[in-house]
1. Using only Cα atoms, find the angle between the long axis of helix 210-227 and the longest principal axis of the chain, and express it within 0 to 90 degrees, rounded to the nearest 10.
2. Students often get this wrong, so check it: of LYS235/LYS444; LYS364/LYS474; LYS364/LYS430; LYS474/LYS507, which have C-alpha atoms separated by over 28 Å?
3. Nothing charged except the Cβ atoms of Lys and Arg (+1) and of Asp and Glu (-1): what's the magnitude of the dipole of segment 286-438 about its Cα centre? Round to the nearest 20 debye.
4. Given Cβ point charges of +1 (Lys, Arg) and -1 (Asp, Glu) and nothing else, what value in debye, to the nearest 20, does the dipole of the chain about its Cα centre take?
5. Check each of the trypsin sites (Lys or Arg not before Pro) in segment 462-536 and keep only those in coil by DSSP with at most 15 other C-beta atoms within 10 angstrom; list them in order.
6. Can you tell me what share of the DSSP beta bridges in the chain is antiparallel? A percent to the nearest 5 is fine.
7. Take the alpha carbon atoms of segment 59-107, find their center, do the same for segment 488-530, and report the distance between the two centers in whole angstrom.
8. Taking Cα centroids, how far is segment 392-429 from segment 362-379 in Å?
Amino acid sequence: MKTVLKKYILPTVLAAGVFTGCTSNFEEINNDPNKPTNEELLADGNLVNGFFPQLSRSIYFNFDNSNWKWQVQQNLNGDVFSGYMAPPTPFAANSNATHYNLIWNFWPWSIGYENVMSPANAIDLISEDLTPRLYSPALVLKVLGMHRMTDIYGPIPYVDYGSPEVTYDKQSEIYDKFFAELDLAIANIGDNPEQIPTFSAVDDLYQGDFLMWKKLAASLKLRLAMRISNVAPDKAKQYAEEAVATGVFEGDDIARVNASIVHPLATISEGWGDIKMGADMESILTGYSDPRTAVYFTEAGGPEDGSPIKTGFAGVRSGIDLPDGRGDYQYYSRINPDFINQTTNIVLMTSAEVYFLRAEAALKGWNVGGTAQALYEEGVRQSFTQHGIADQADAYLADDTSVPADYVDVSDATYGTDYSIEAASDVTIKYDASRALEQIITQKWIAMFPEGMEAWAEYRRTGFPHIFPVKYNKSNGDVPAGETIKRLRYPDGEAVNNATSYANGIKNLEAESTHKVTSPISGSVDAGGTSLWWDVD
């Protein structure tokens, strides 16, 4: 793990190579009377600005257009575990993460520390006291990136990151730090912040609009409040109500990375053919006759004779044994290139998600500015509006008969397999108070696509939407038969390179987990089946 010690002075940070995007020849500049001084660089934010592109482009990672890193960081982990997608490719001889054989557990860790924490910590060193407004967006991005990481692994080094001793903090302590950092960001921005021109030029999200950063901070605070709502309900209520009072996303508010980077999902789907619609997506979207189906995915294709594999949409079930090569699965529904292509901006958070978060909070009786039903319906409407189908929202919301469909894998007949399965739920669309939580989370799941990491976290927290079990569990007991994956094991090197800290992390994981599994691989509760602190159901 790369760490940057707090005691280092700025020139040491630069010399260590942590700085990204600014000059590496700092001493020469410092001695040139025609160039700005250290103080001038600090004052106008130029040094800080150099770190922002790396930070903002590493949440949904494709900072250096290394599409394969995103594939093993997110796509073949959270995007699959959430039920969103599944590969048609028999990676690792049909024994991989889709079967709970966690062979790609290193990359979320590596990217989290090298591409999120490293630039965020450098910004901390440079600007915390000098330019607190400039420091605030970095705090928001750091929390946005690192909550994903702790929600993947559990205890991680965070609270005192950068200190000489690496400590795996309890997840409860990490969340306390998240809320404190978001509150600090909100306070530093204030109510009427002036723009900083040099920052506006490098701000991939809001072009220097600090009030939108404040809204994102409050919206993220609401997301994290709901995440802990089952394990720390009093804190969650306080934070959720504070977030809404501060001002969260509404209308067409969105967190989108407006940068000239390749959207990795476009490459994986359209360029490589390595990911398809998931069976759960097919079941829920086609069962609901959801107009977003055609927004997100293409219809199934066919061999060269033009005969489609299946009329309409076809998803791949997770954890199946695929034929040599891709077989017929190469023709199943792919990501619609009109929805995501290589120039599509990466979306990190939407107002639709925020309305669903508020709907769940209202269901608990919290003061979040609306009823559960009204906020649920507005979440659906905002999702439809986002995708250009606003005129179809009212009819969709009035549907009280459509339910998820049985999944029928047409390749069963070709390969003699039995991958078809009955629908996992019969929940409808029209608001029903008796099943409101399932409806809210199911519709949020649809609306957040393709952000599989967040969808997987919410599935673990709530159990919704009901998704299909993997067909073949090849985890060797790391995830018990009949159960779903709860987390990734720590990277293998941690037990060797940070043995003492790793052991402390296992201790903290065990202390906070309500569902412990002893892994035959790690010999401890460092298992894919061990639940996280906030996952108490």
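1. 50 degrees
2. LYS364/LYS474
3. Approximately 600 debye in magnitude.
4. For the chain, the charge dipole is close to 800 debye.
5. Qualifying residues, ordered by number: LYS516.
6. 90 percent
7. If we compute the Cα centre of each part, the gap is 21 Å.
8. 28 Å
None of the figures in this text is laboratory data; all of them are computed from the coordinates on show. These figures come from a predicted structure and were not determined experimentally. Ideal geometry is used to build each Cβ from the backbone, glycine not excepted, and the neighbour counts take in all protein chains shown.
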